[in-house]
1. Residues that are open to solvent by 30 Å² or more (accessible area, probe 1.4 Å) and either polar (S, T, N, Q) or in contact with a Ser or Thr (Cβ under 9 Å, 6 or more places away or on another chain) (or both): find the strands (runs of 3 or more DSSP E) completely inside the stretch 66-176 holding 3 or more of those.
2. For the stretch 284-292, state whether one or more residues are at pLDDT 95 or above, over 15 Å from ALA25 (Cβ atoms) and of a type outside the set (Gly, Ala, Ser).
3. Please find, within the stretch 50-65, the residue that is nearest to HIS208 (Cα to Cα) out of those that are open to solvent by 20 Å² or more (accessible area, probe 1.4 Å) and outside any strand (DSSP E or B).
4. Can you pull out the residues in the stretch 291-301 that are open to solvent by less than 10 Å² (accessible area, probe 1.4 Å) and in a loop (DSSP other than H, G, I, E, B)?
5. So in the stretch 275-285, with the set limited to residues that are outside any strand (DSSP E or B) and within 22 Å of the chain's Cα centre (by Cα), which one is surrounded by the fewest Cβ atoms within 10 Å (Cβ to Cβ)?
6. Buried (at least 24 other Cβ atoms within 10 Å of the Cβ), aliphatic (A, V, I, L, M), closer than 23 Å to ARG187 by Cα and touching a residue at least 40 places away in the same chain (Cβ under 8 Å): which single residue out of ILE227, ILE219 fits that description?
7. Can you name every residue in the stretch 245-266 that is open to solvent by 10 Å² or more (accessible area, probe 1.4 Å) and assigned to a loop (DSSP other than H, G, I, E, B)?
8. Listed residues ASP119, ASP140, ASP128, ASP123; which is touching a residue at least 12 places away in the same chain (Cβ under 8 Å), touching a Phe, Trp or Tyr at 6+ places or on another chain (Cβ under 9 Å), farther than 14 Å from THR190 by Cα and not hydrophobic (A, V, I, L, M, F, W, C)?
Amino acid sequence: MMKTLLFVCALAAPLTGIGATSESARLSVEKQIALGAPDHWDYLSVDAAAQRLYVSHGTSIEVLDAISGKNYGKVEVAGANGVVALSGINKGYAGSRTGKEVVIFDLKSLKAIKTLPADEDTDAVVYDPKSARVFVMQGDPHSITVVETQRDTVAGTVKLDGQPEFAAADGEGHLFVNIVDKSELQRINTATLASEAIWPISGCERPHGAALDSKLKRIFVGCVNQILYVVDAVNGSVVARVPIGKGSDAIAFDPVRQLVFSSNGEGTVTVVKERSASDYVVLGNPATAATARTMAVEPGSGRLYFTAANQALADPVATDPRKKFRIEPGSVRVLFATLQLNP
């Protein structure tokens with residue numbers, strides 16, 4: 001049963017972060033790992049402890065060495081999207097949109113060891129270390145399937161205020177979920193599965209990516225109208241708004257370097273420096289590759305990973321990029337990149 005919800009009006013802060021620093025960011029693509037067909041992809045996830053990269057790729061999860069790019073193999077997952085790998089218990093958890101299920105797999109053999117029922121339209125998959133639970137977002141049903149990782153059973157289903165996109169856990173028992181169709185954040189108690197608060201994000205169109213600085217208690221929300229919202233994780237107030245590139249999908253945070261990233265489908269990554277809990281400045285929008293909208297960061301090295309594919313012109317007069325261009329068959333690849341900050 002849901003608790004009484006706390007609604008807080010998150011008033012828009014002024015747009016900031018332009019021309020306020022002498023630092024600049026430059027991205028260097030070290031290598032590109034070809035994945036080939038199928039021509040569909042989704043989330044990337046880094047297991048920093050094992051130095052492995054998990055890439056959702058249509059009908060499977062590709063497993064790469066996070067340093068060399070060596071391909072260790074793949075996990076067969078029909079309609080793969082979100083994935084997390086927990087090397088401490090040697091298990092991974094992936095959503096299967098086609099199978100309407102959660103696929104649990106062995107990290108060594110890369111074989112499925114169990115499946116659990118989920119709902120349709122599985123999307124992001126997020127792990128909460130406080131409760132040792134995995135949360136699988138389900139867009140159309142407006143819900144989350146919750147998995148107990150100790151017993152690999154379904155702990156329950158969370159009903160949401162709208163369609164979830166991505167989420168972030170603070171490690172203290174809270175999950176913050178982007179509600180894409182209502183421009184809201186919904187806070188979930190990861191132990192009780194109760195919804196504790198709903199925070200409107202005024203001016204944020206269709207929030208997609210989310211990341212969290214648990215130390216400063218800041219949530220970073222990427223909006224399709226090219227703004228990064230910084231939200232107070234305690235009271236839901238908007239403390240900063242920062243310009244980002246076009247086609248933002250994933251948001252990532254590097255706690256070692258205090259950097260926030262927005263991967264933009266236009267072929268850039270916006271780099272934002274967190275100078276304090278209320279001070280954020282754009283360091284640049286270095287080029288990645290067109291379609292590189294999904295991303296992951298490995299905080300130890302600071303390395304960034306993007307999935308992208310080559311584009312070909314499909315309809316020269318179309319104004320919608322999704323109709324104007326098509327993906328070149330078999331061109332899906334993963335970019336390994338490093339960031340350099342110039343004073």
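1. 71-76, 153-159
2. Yes.
3. In this case the residue turns out to be THR59.
4. Residue satisfying the conditions is ALA292 alone.
5. ALA277
6. Every option except ILE219 fails the conditions.
7. LYS246, GLY247, PRO255, VAL256, ARG257, GLN258, GLY265, GLU266
8. Every option except ASP123 fails the conditions.
The values are calculated or read from the model by the stated rules, or taken from the named source; none is laboratory data. For clarity, every value in this text was computed on a predicted model and none was experimentally measured. Cβ atoms come from the backbone with ideal geometry, glycine included; neighbour counts cover every protein chain shown. For the accessible areas, the whole protein counts, side chains as well, though only heavy atoms, and no ligand, DNA or RNA atoms are used. Shrake-Rupley method; radii C 1.70, N 1.55, O 1.52, S 1.80 Å.
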